[in-house]
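Let me begin by presenting the structure, written as structure tokens, before commenting on it.
The values are calculated or read from the model by the stated rules, or taken from the named source; none is laboratory data. The structure displayed is predicted, hence computed values, not measured ones. Counting neighbours? That spans all protein chains shown, and the Cβs are built from the backbone with ideal geometry, glycine included. When the accessible area is computed, the model is the full protein with side chains, heavy atoms only, and any ligands, DNA or RNA have been set aside. Shrake-Rupley method; radii C 1.70, N 1.55, O 1.52, S 1.80 Å.
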Amino acid sequence: MTVLKSLQFAAVPRGANSSPEQSRRNKLITRLDQQLKLARDPSYAPSRVRWLPDASGIKQPVEIKRRINPWWRTDLAGQIVLTVRYGSKPLEFEKGKAAILIGPRDQLPPTIENLIKAVAEGELDQLLAGAQRGPRDVPRKKVAA
């Protein structure tokens, strides 16, 4: 016990990215980075390792590719339109306008890079806070009468 008495204890400090705003920014930047990689390489698919049983029943690490859906579409005029999503919801930049008109396909990567810079600087914080899901209602247990 004398060893523990000689030590000085402190509370565990929270991380630098502990604010809710910074967490939302980091989440969106990660997704935008995936979209940027997909725009540059159409065959891009991030992988993760899962432990699955083989034929003999012993679990082995298996690399599984994850499919990423592109956030851009081509409109009838042949121009690229980018929708930025937070979770499953598209962010609405202006009332009724949830997409960014890019133009030709070669302008897609620079536009995504600009969006990453804007998110990192906090320009989309109000949109991200509005897209955040509120607290869920927890159903109450029925009381027997």
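Against the test of being touching a residue at least 12 places away in the same chain (Cβ under 8 Å), farther than 13 Å from residue 35 by Cβ and not aliphatic (A, V, I, L, M), the options 117, 89 yield a single qualifying residue, 89. Residues that are open to solvent by 80 Å² or more (accessible area, probe 1.4 Å) and of a type in the set (Gly, Ala, Ser) within the range 11-22 comprise 11, 16, listed in sequence order. One residue stands out among those in the range 2-49 that are in contact (Cβ under 8 Å) with a residue 12 or more places away in the chain and β-branched (Val, Ile, Thr): the one that is nearest to residue 116 (Cα to Cα), which is 29. Highlighted here are the strands (runs of 3 or more DSSP E) found entirely within the range 32-75 that include at least 1 residues which are closer than 21 Å to residue 106 by Cβ: 72-74. Pairs meeting the criteria (first residue in the range 99-110 and within 10 Å of residue 72 (Cα to Cα), second residue open to solvent by 40 Å² or more (accessible area, probe 1.4 Å) and in a strand (DSSP E or B), beta carbons under 8 Å, at least 6 apart or on different chains) are 99/90.
Which one is nearest to the chain's Cα centre (by Cα), of the residues in the range 23-48 that are open to solvent by 50 Å² or more (accessible area, probe 1.4 Å) and among the polar types (S, T, N, Q)? I'd like the intermediate steps shown before the answer.
The first filter runs over the range 23-48 and keeps only residues open to solvent by 50 Å² or more (accessible area, probe 1.4 Å), leaving 23, 26-27, 30-31, 33, 37, 40-44, 47-48.
Applying the additional criterion that residues be among the polar types (S, T, N, Q) yields 23, 26, 30, 43, 47.
Numbers: 23: 10, 26: 7, 30: 5, 43: 20, 47: 16 Å.
Filtering first and then ranking leaves 30.
Among the conditions (1) open to solvent by less than 80 Å² (accessible area, probe 1.4 Å); (2) under 21 Å from residue 126 (Cα atoms), residue 110 misses just one, which is (2). Residues in the range 24-41 include at least one that is within 25 Å of residue 125 (Cβ to Cβ) and of a type in the set (Gly, Ala, Ser).
Close Cβ contacts (under 8 Å, 6 or more residues apart or on different chains) running from residues in the range 67-78 that are closer than 16 Å to residue 34 by Cα to residues that are at pLDDT 90 or above and open to solvent by 50 Å² or more (accessible area, probe 1.4 Å) comprise 68/44; 71/85.
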